[in-house]
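Engineer: To start, I am sharing the structure in question, which I have written as structure tokens.
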Amino acid sequence: MKRTSPVALVGIAVAGAAIGWLLQVALTSGGAPSFNPPATLYSVLFILAFGLVLLGRPVRRLVRGTAKRPVDPFFAMRVLVLAKASSLTGALLVGLAAALLGYAVTRTGSFAVPAFWPDVLTGVGALALCIAGLVVEWWCRLPPQDRAEQQGSSMEQR
């Protein structure tokens, strides 16, 4: 599996910002109140980021050679996939939160809007999830193999 590229993360964040802006415009032009992220959203984002780091620690220990117990390879693969999904989801939600915040501030001209802090906390929580995903993805990377060791083992098999 390839590592998550920064270009993909920026592209997904821009797509999230476009979605968030269009969501706010559609809601307010239809006469509905604008979207305010609930406290459960940013709370869950922080909890997910923390949980992902906890799940990645045994894999990191295994890769570094300091594990006391073996780790199931399927568990390691699932942690890696979860880390990649978390980084992409975090990037999407960072863009969404930035658009929500930008829309709230530009419409009122003040930072004292009720949506300011929920939007900021959602953005920080999403950024934490994205960073946790990238860190755990880096932890799950296998160290490079020694070429001489690989050639020696292939000659022994002949």
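The numbers here are math on the coordinates, done by the rules we state, and not lab data. What you see is a predicted model, and the numbers here were worked out from it, not measured in a lab. Using ideal geometry, Cβ is built from the backbone for each residue, glycine included, and neighbour counts are taken over all protein chains shown.
Engineer: Match the structure shown to one of the listed values (1) 10, 30, 29, 18, 10, 3, 0; (2) 11, 30, 26, 16, 10, 5, 2, 0; (3) 10, 35, 31, 17, 6, 1 of P(r) over Cα pairs in 10 Å bins from 0, in percent, computed from it, and give that label.
Structural biologist: (2)
Engineer: Could you give each residue of the stretch 117-123 its phi-based ³J(HN,Hα) in whole Hz, using Karplus coefficients 6.51, -1.76, 1.60 with θ = phi - 60°, and x for Gly or Pro?
Structural biologist: 5, x, 5, 5, 5, 5, x
Engineer: Next question, about the same structure. Remind me, relative contact order of the chain in percent, using alpha carbon pairs under 8 angstrom and six or more residues apart? It would help to have the intermediate numbers written out before the result.
Structural biologist: On the way: 190 pairs, mean separation 58.1, N = 158.
After rounding, I find 37 percent.
Engineer: Something else now. For the stretch 1-68, rounded, prolate or oblate, judged on the Cα gyration tensor with a ≥ b ≥ c (square roots of eigenvalues), a/c < 1.5 rounded, else prolate if a/b > b/c? Don't skip to the answer; put the middle values down first.
Structural biologist: On the way: a/c = 7.47, a/b = 2.09, b/c = 3.58.
Oblate shape, in that a/c is at least 1.5 and b/c is the bigger or equal ratio.
Engineer: Among 65-77, 96-108, 128-140, how do they line up by average Cβ neighbours within 10 Å per residue, starting with the highest? Write out the running numbers ahead of the final one.
Structural biologist: Working: 65-77: 10.6, 96-108: 19.6, 128-140: 21.6.
The most tightly packed comes first, giving 128-140, 96-108, 65-77.
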